[in-house]
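Beneath this line is the structure, given in structure tokens, with notes to follow.
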Ligand SMILES: O=C(O)CCC(=O)C(=O)O
């Protein structure tokens, strides 16, 4: 097994659910719009929608979400990256085990960053909700490889490094609800085997000094709260 470290910002499980980022009705209306927008080309991934779409700009600033983030990492908060995933029915698409705080471009300080996953549609066991290994943040960052198939800039943690997926738990979430995760928490999502599309937004929040750039070309964080930027 990997060496373990402290529990981190979110305690022993490394995650917290039940944060309302909007109403269920508003989230479902947004999901319907996004599905209509992306249906023709069956687009699965939209990178950094918070930089150029009003709905995502508002979502990353949702008051209850931002308050919960500030309670963890302090008043000065920026968004380092967002990642919209649409899982279409009848299409194999899995996001492999990974930790949000590390990829080919950046490494986030787990004490000055946190990631959020927002259910825009309902996320269920059948349509590809997240699964996480509670407590896995204590392993620290694991060796990873780039996730080439999806074109995503996510890493892929390797079970050979010692974590066991057998201890994973499913995290179904209703539309309008959000989950906070330690930047080192291992998580994945499976294929949508239901009949409707599943839509979710991943957000990586950072405090000042929370980013170590591995690639100098990586974009600057986008401040959303506080004055320390
Ligand atoms: O939306 C998903 O299914 C997974 C997204 C995710 O884990 C991520 O963006 O880090």
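The values are calculated or read from the model by the stated rules, or taken from the named source; none is laboratory data. This is a predicted model, so every value here is computed, not measured. Every residue, glycine as well, gets a Cβ built from its backbone with ideal geometry; the counts of neighbours run over all protein chains shown.
Side notes on the structure shown:
- All positions within the range 87-109 that are more than 9 Å from the ligand (Cβ to nearest atom), farther than 22 Å from residue 140 by Cα and assigned to a strand (DSSP E or B): 91
- The range 177-196, subset in contact with a strand residue (DSSP E or B) (Cβ under 6 Å, 6 or more places away or on another chain) and surrounded by fewer than 23 Cβ atoms within 10 Å (Cβ to Cβ), residue modelled with the lowest pLDDT: 188
- Residues that are within 11 Å of residue 128 (Cα to Cα), in a loop (DSSP other than H, G, I, E, B) and under 19 Å from the mean Cα position of the chain (by Cα) within the range 186-217 comprise 190, 191, 197, listed in sequence order.
- When residues of the range 42-54 are limited to those that are in a helix (DSSP H, G or I) and touching a residue at least 40 places away in the same chain (Cβ under 8 Å), the one farthest from the chain's Cα centre (by Cα): 51
- Of all residues in the range 190-217, those satisfying the criterion of being more than 16 Å from the ligand (Cβ to nearest atom) and under 21 Å from residue 46 (Cα atoms) are 215, 217.
Quick grid of which residues meet (1) assigned to a loop (DSSP other than H, G, I, E, B); (2) within 18 Å of residue 200 (Cβ to Cβ); (3) away from the ligand (no atom under 12 Å from the Cβ):
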residue	(1), (2), (3)
22	yes, yes, yes
32	no, yes, yes
40	yes, no, yes
56	no, yes, yes
75	yes, no, yes
83	no, yes, no
111	yes, no, yes
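- Enumeration of residues in the range 13-29 that are within 19 Å of residue 172 (Cβ to Cβ) and surrounded by 13 or more Cβ atoms within 10 Å (Cβ to Cβ): 13, 14, 15, 16, 17, 19, 20, 21, 22, 24, 27, 28
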